[in-house]
């Protein structure tokens, strides 16, 4: 009798001391959980209840590989929720460039196809608390990343919010599609939908309010946030959205369903399946292979990775995003959302210098810069590889706008490459989305990060790079204050600390109210259709007007016009 009473008390969330530290037992609909308490180094007196590695869907194994996620089954007894989830299968070498740049990347990270898990960080387990909930969607180009590096302790402690970082399938296992039920595609997005459904159903038992959910993500996570906002499947699952350095509307990475048949056959051949034109036979064979075989399969020569991408033309994204936003029901959904979005000042530095520009990285000249830029513009569908005349016109215009000096130094070339790459890949698309959402009638707040963390400068980043892709994550997650920080050796200075405190408050204020303002923070105005206001986040933040109007106009009007066949007078005018 006594033991059963004690067990019931423990399952309600009372802390029990264990050899490894303060352990917390809690129960949800699916079963019992054993989590733990941890503290932000900035708020030692405020414990955060932490539960890791919670299944939100059935393991996508066997016949469920390449299939939409299925609801997870309850478990008996108490499940260990103290260890990080394993990463979804990916090429670990893709993360090496991040480690070189100063990111806290774990070595020898465990992976498993059974990876549809999420973490919960909460200040309370009182179901009556009804705290706002923020669901984090990690980036990584849809081919790498996980929730392992994202500790929600500092955000939860700062804002009295519940933080939920999620995993979702990546690369071939997420995006391969045959255009039919054998492999419908968009599984990474469907995983995100399933995770949000789990949060909606279960978060009250962690002190969260299922009616106050914010989704937020960066890079591919930012693209996901916009895609979820457009998708009919996202209806009613969240009311606020923060898209950091990414948009699904203006980028051309969504391909028509069923359009990657030739690549599927190439993959089939690469892993030793019999040659056939029958999609069902191919998928059956691919299901018989280990995830390691699929992950390690080499793509065709000249391709850095298998080009399986998110699709349009399915239940998740019935039409191309640029057409979706014209639909009345989508407009109504967008209008109902509070939206925050933004970029960093030099979005393209790491990507151009480490990932996308092999010739420029080795030999920084004007010629190698445009050699790599041409390839990038073709990959993103801006340039037609067969239209050399158009390529020459674009190169001339890019030179005039970004590199007018006759003999640029290596530093000038590096800065130009980072600006150019960041502008067309991230800054212009993100700002175009802000313009569009505001015109539809949403409440929109826009930011630009303009300060480089000491952590990155210590890893060789030049002083003239004010903020690179992903720097905002370090500040708004409070990396150095989290239990992750000291272990991974994050280095911060006083200016970093000032900016971190600002961003933690802005982000959690938005998660609580749909408005980032409050307290002693600089008043951050809404983005308007006339003035295009944005906040420049730095040690002493300032408000900008007509933010990035020149980049938006250049990439949405000037470049498309140049690509059209024009007579000599029109060319001269441009």
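The values are calculated or read from the model by the stated rules, or taken from the named source; none is laboratory data. This structure is a prediction, so every number in the text was calculated from the model and none was measured. Quick reminder, even Gly has a Cβ in these numbers, built from the backbone with ideal geometry, and neighbours come from all protein chains shown.
What the table below lists for this structure:
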{"quantity": "Residues being assigned to a helix (DSSP H, G or I) and in contact (Cβ under 8 Å) with a residue 60 or more places away in the chain - total across the stretch 175-196", "calculated": "10"}
{"quantity": "Test: residue 383 is under 17 Å from residue 424 (Cβ atoms) and without any contact (Cβ under 8 Å) to a residue 60 or more places away in the chain", "calculated": "no"}
{"quantity": "Filter pass, residue 72 being over 21 Å from residue 191 (Cα atoms) and in the same structural domain as residue 292 (by TED's automatic domain parsing)", "calculated": "no"}
{"quantity": "Qualifying residue in the stretch 316-324 (condition: surrounded by 15 or more Cβ atoms within 10 Å (Cβ to Cβ), part of a loop (DSSP other than H, G, I, E, B) and out of contact with any helix residue (DSSP H, G or I) (no Cβ under 9 Å at 6 or more places or on another chain))", "calculated": "yes"}
{"quantity": "Residue ranges of strands (runs of 3 or more DSSP E) in the stretch 24-101 with at least 1 members touching a helix residue (DSSP H, G or I) at 6+ places or on another chain (Cβ under 7 Å)", "calculated": "31-40, 43-55"}
{"quantity": "Test: residue in the stretch 277-288 that is under 29 Å from the mean Cα position of the chain (by Cα), assigned by TED's automatic domain parsing to the domain that holds residue 63, loosely packed, with under 15 Cβ neighbours inside 10 Å and in contact (Cβ under 8 Å) with a residue 12 or more places away in the chain", "calculated": "no"}
{"quantity": "Qualifying residue in the stretch 118-128 (condition: assigned to a strand (DSSP E or B) and under 20 Å from residue 295 (Cβ atoms))", "calculated": "no"}
{"quantity": "Test: residue in the stretch 487-495 that is touching a residue at least 60 places away in the same chain (Cβ under 8 Å) and closer than 27 Å to residue 240 by Cβ", "calculated": "no"}
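Yes or no, residue by residue, for (1) modelled with pLDDT under 95; (2) in a strand (DSSP E or B); (3) out of contact with any helix residue (DSSP H, G or I) (no Cβ under 6 Å at 6 or more places or on another chain); (4) over 20 Å from residue 472 (Cβ atoms):
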residue: 535; (1), (2), (3), (4): no, yes, yes, no
residue: 562; (1), (2), (3), (4): yes, no, no, yes
residue: 565; (1), (2), (3), (4): yes, no, yes, yes
residue: 569; (1), (2), (3), (4): yes, no, yes, yes
